[in-house]
1. Going residue by residue through the range 227-236, is there one that turns out to be out of contact with any Lys or Arg (no Cβ under 8 Å at 6 or more places or on another chain) and touching a residue at least 60 places away in the same chain (Cβ under 8 Å)?
2. If we scan the range 23-36, do we find a residue that is closer than 26 Å to GLN183 by Cβ, open to solvent by 20 Å² or more (accessible area, probe 1.4 Å) and within 11 Å of the ligand (Cβ to nearest atom)?
3. Quick check, is ALA57 within 18 Å of the chain's Cα centre (by Cα), over 30 Å from MET145 (Cα atoms) and at pLDDT below 95?
4. Determine which single condition PRO51 fails, assuming it passes every other condition in (1) at pLDDT below 95; (2) open to solvent by less than 30 Å² (accessible area, probe 1.4 Å); (3) not in a loop (DSSP other than H, G, I, E, B).
5. Right, GLU114: away from the ligand (no atom under 15 Å from the Cβ) and either part of a helix (DSSP H, G or I) or under 30 Å from GLN344 (Cβ atoms) (or both) or not?
6. Just the residues that are within 12 Å of the ligand (Cβ to nearest atom), within 25 Å of LYS164 (Cα to Cα) and of a type outside the set (Lys, Arg), please, taken from the range 48-83.
7. Is it true that SER89 is out of contact with any His (no Cβ under 9 Å at 6 or more places or on another chain), part of a loop (DSSP other than H, G, I, E, B) and among the polar types (S, T, N, Q)?
8. Need the failing condition index for ALA121 against (1) of a type in the set (A, V, I, L, M, F, W, C); (2) within 19 Å of the chain's Cα centre (by Cα); (3) more than 11 Å from the ligand (Cβ to nearest atom); (4) within 30 Å of ALA359 (Cβ to Cβ), just the number.
Amino acid sequence: MDTRSGDVAELIHRVAVLGGGIAGAAAALRLAQGGASPLWITGTPRAGFKPGEHLSAAALPLLKELASDALLRAEVHRHAHGTYSAWGSDLLVERNAIVQLEGPPTVLDRAAFEDALATQAVTAGAERIDGDVVDVRISGDAWEMILGDRTLKVRFVFDATGRKAIVASKFAPRFQADRLTCQYALFTCPAQSTPRPVTLIEAETRGWWYLSVLADRRAVVNFYSDADVPGFETSHLSRNARQTQAISAFLSDYGYQISGAAHRIACNSTWLAPAIGPGWVAIGDASAAFDPLSSHGMTTALWSAIQAADAFVAQDRAKMQAYTDNVARGIQDYLQARARIYGQEQRWSDSPFWARRAASRQLAPEPLDAT
Ligand SMILES: Cc1cc2nc3c(=O)[nH]c(=O)nc-3n(C[C@H](O)[C@H](O)[C@H](O)COP(=O)(O)OP(=O)(O)OC[C@H]3O[C@@H](n4cnc5c(N)ncnc54)[C@H](O)[C@@H]3O)c2cc1C
């Protein structure tokens, strides 16, 4: 931070990280580890379950770089050894973790993991402020961040505010490749029930289902479809889950019942181009948010936080440019992988959900503002 001379000394922070998710926590931690003493504005803490718990094994080396790998040893997380999918046929096929050389993925208690990463960032020296940035203005060669009745001045901003990208989306065009949304709910089973710790994926005519058993035996059930596919009320999630094959059988076998209300959240494939600009860089979902089928959102959040923070600490423009080039390449790789994986399901080529994914192999992504 620095101060300007004048009647009133003005505090200007060197760098701020906006966003309290995995990308924000990892960037705050990495910057602090590099001696950059970031201001970390986490947003307003939200109560309740946050979906997205399958952490790819590719995240392990990144967590090691952050000296955070021990966080995965907490008992609230579990190794994801058994993942089965009915995709392309009715057959439930195991994707065995033994063949994954990096090790198995982890099913996280997401809130516990984010809290632990946040504690590590603060211990390392990040200055944490809870609250939403309600407005951002450019003032000379600094940013003014408005939080309630406070105004903070900052020279460089890491935008880790997820799909909102509250700074970056003002300066870079945003694109989207689909309108995927997720309905999700938690299910609980009776005390005497001992459910197998599995993850199940099941395609159907209007989209696809996902079930994962958490370490505490609760199961999260997600249904993914496009926002405009009709006839699928969030309040009917439990009833609709009972119409599936594998997921329905699993819920019945272990006596699972929905616990609380079902919710809905956007998870469309969307990205900014470019992911950097003068005085800002976008990381995590703010730079590129992927279909959860990729199971890579959290890993990308960690990767992008480390890359961008290291470039900032080194004050290396070439490194920062390499970061944004890698984001752009990653988006192309992701779009190809997405087309390939959705292309493996051919049973409902007439249904809007699957027909759109088949067509998207030929179509250019649309600018988000045009929709
Ligand atoms: C239904 C669903 C399932 C998913 N499943 C998986 C999965 O199994 N595996 C996987 O790897 N990924 C999964 N993902 C993706 C993963 O959750 C995201 O990629 C990841 O959360 C991105 O982290 P982030 O920190 O960039 O953004 P977020 O987690 O969205 O965090 C954004 C942060 O910004 C803060 N914020 C917002 N506005 C402001 C503001 N005005 N001022 C200050 N702060 C603000 C918010 O409070 C929040 O803390 C899933 C996503 C969804 C929606």
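The values are calculated or read from the model by the stated rules, or taken from the named source; none is laboratory data. As the structure is a prediction and not an experimental result, all values here were calculated from the model. Please note: Cβ atoms are built from the backbone with ideal geometry, for glycine as well, and neighbour counts cover all protein chains shown. Surface areas here come from the heavy atoms of the whole protein model, side chains and all, with no ligands, DNA or RNA. Shrake-Rupley method; radii C 1.70, N 1.55, O 1.52, S 1.80 Å.
1. No: the range 227-236 contains no residue that is out of contact with any Lys or Arg (no Cβ under 8 Å at 6 or more places or on another chain) and touching a residue at least 60 places away in the same chain (Cβ under 8 Å).
2. No, because not a single residue in the range 23-36 is closer than 26 Å to GLN183 by Cβ, open to solvent by 20 Å² or more (accessible area, probe 1.4 Å) and within 11 Å of the ligand (Cβ to nearest atom).
3. Yes.
4. If we test PRO51 against (1) at pLDDT below 95; (2) open to solvent by less than 30 Å² (accessible area, probe 1.4 Å); (3) not in a loop (DSSP other than H, G, I, E, B), just (3) comes out false.
5. For GLU114, the condition - away from the ligand (no atom under 15 Å from the Cβ) and either part of a helix (DSSP H, G or I) or under 30 Å from GLN344 (Cβ atoms) (or both) - is not met.
6. PHE49, PRO51, GLY52, GLU53, HIS54, LEU55, SER56, ALA59, LEU62
7. Numbers: out of contact with any His (no Cβ under 9 Å at 6 or more places or on another chain): yes; part of a loop (DSSP other than H, G, I, E, B): yes; among the polar types (S, T, N, Q): yes.
Considered against the rule, which asks whether it is out of contact with any His (no Cβ under 9 Å at 6 or more places or on another chain), part of a loop (DSSP other than H, G, I, E, B) and among the polar types (S, T, N, Q), SER89 comes out as yes.
8. Status for ALA121: all satisfied but (4).
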